[in-house]
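Notes to accompany the following structure.
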Amino acid sequence: MAKWFNALSKTREALSFGNLFSGGKISEEEIEDLEIALLKADVPASVVMELVTHMEKGFKEKDGPPRDQLAQVLIDKFGPDNGHDWQPPEGAVEPIVYLMVGVNGSGKTTTCAKLANLAKWRGLKPVLGAADTFRAAGSSQLKLWGDKIFIDTITGQQGSDAASVAYDCIDAAIAREARSVFIDTAGRMHNRGPLMEELKKMVSVIGKRVEGAPHHVWIVLDASLGQNAVTQARVFNEAVPLSGVVITKLDGSSKGGFLFSVYEELKVPVRYVGLGEGQDDLELFDPKLFVHGLLGLEDPPPPPPPAPTES
């Protein structure tokens, strides 16, 4: 819980609940203040209106403290299928292919490597595919990560056909008896038509090599962009239907409320969230931990023990 509490501190401070739930009945002025705070934290208007309606009706004492009731309303906004259990889809033929998409600067390449590392520790022997042939450093960045975490990385030349690189990556994975493949793609702005067509081509080519692939298409979103990140995801979802979202930089954002929009507007579950810069700071998304951290429902983590002094 400490990681979530710390990572959501900026959004929690932006909400500034203060003593809102410390008494009994909530005043109209307090409800208005909360409404403004939620909107500033990029919580979608539809969710805000539902919460306001709950507060205006009042909370039933038998259902527990008001903040707990509010938390449950927010938790229910994420739908049933969040996180990721690493089980292959029923009837799928390995290797299981994960295609990572998103815009430049979202942390997509780093996230791709971190996910492959998680798969490795679950016994799902992974291979990394550097299909970002647009940037000069695209392949080398993923290769550096692969070397660091001891995972084979298949790369292509700058300017080469990205779909061909993805195909070769799956070929290599099959030859090496890998169980999972994580393919990094070039960052592309959601409003660039030709690049989106290239992404569609990649999906088609991958499907010809492994039936049913890609089994997962996950978009990486930068939490600091707030609601604008959802706009990006909507266009990607229209081009290549998404099966999951990974949120990066949540610990540095005051707009964490935008996560409610992901399922509210896209009906796409959140799989993982980045709660820091470290190799192990990619956490399975848990709606309850997120909401409790957002509202400050749990006690803050204890301060670190004092450094030992020399006697």
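The values are calculated or read from the model by the stated rules, or taken from the named source; none is laboratory data. Note that the coordinates shown come from a computational prediction; the quantities given were computed from them, not determined experimentally. When we count neighbours, we look across all protein chains shown, and the Cβ atoms used for this are built from the backbone with ideal geometry, even at glycine. Please note that ligands, DNA and RNA were not included when accessible areas were found on the heavy atoms of the full protein model with its side chains. Shrake-Rupley method; radii C 1.70, N 1.55, O 1.52, S 1.80 Å.
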Testing residue 210 on (1) open to solvent by less than 60 Å² (accessible area, probe 1.4 Å); (2) out of contact with any strand residue (DSSP E or B) (no Cβ under 8 Å at 6 or more places or on another chain); (3) more than 22 Å from residue 103 (Cβ to Cβ), one condition comes back false. Which one is that? (2)
Condition test on residue 266, is it more than 24 Å from residue 141 (Cα to Cα), in contact with a Leu (Cβ under 9 Å, 6 or more places away or on another chain), among the hydrophobic types (A, V, I, L, M, F, W, C) and open to solvent by 10 Å² or more (accessible area, probe 1.4 Å)? yes
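Please tell me if residue 240 is at pLDDT below 95, open to solvent by less than 30 Å² (accessible area, probe 1.4 Å) and within 26 Å of residue 80 (Cβ to Cβ). Don't jump to the end; show me each part of the working.
Values: at pLDDT below 95: yes; open to solvent by less than 30 Å² (accessible area, probe 1.4 Å): yes; within 26 Å of residue 80 (Cβ to Cβ): yes.
Here the answer is yes, as residue 240 does meet what is asked.
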Residues of segment 124-183 satisfying the condition of being surrounded by fewer than 24 Cβ atoms within 10 Å (Cβ to Cβ) and charged (D, E, K, R): 125, 135, 143, 147, 148, 152, 161, 168, 171, 176, 177, 179
Would you pick out the residues in segment 202-226 that are in a strand (DSSP E or B) and out of contact with any Lys or Arg (no Cβ under 8 Å at 6 or more places or on another chain)? 216, 217, 219, 221
In this structure, is residue 221 closer than 23 Å to residue 41 by Cα, in contact with a helix residue (DSSP H, G or I) (Cβ under 8 Å, 6 or more places away or on another chain), open to solvent by 10 Å² or more (accessible area, probe 1.4 Å) and not hydroxyl-bearing (Ser, Thr, Tyr)? no
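Answer yes or no: is there a residue in segment 159-177 that is part of a loop (DSSP other than H, G, I, E, B) and touching a helix residue (DSSP H, G or I) at 6+ places or on another chain (Cβ under 6 Å). Write out each step before concluding.
From segment 159-177, those part of a loop (DSSP other than H, G, I, E, B) are 159-161, 176-177; that's our starting set.
When the remaining residues are screened for being touching a helix residue (DSSP H, G or I) at 6+ places or on another chain (Cβ under 6 Å), the result is none.
Looking through segment 159-177, none of the residues is part of a loop (DSSP other than H, G, I, E, B) and touching a helix residue (DSSP H, G or I) at 6+ places or on another chain (Cβ under 6 Å).
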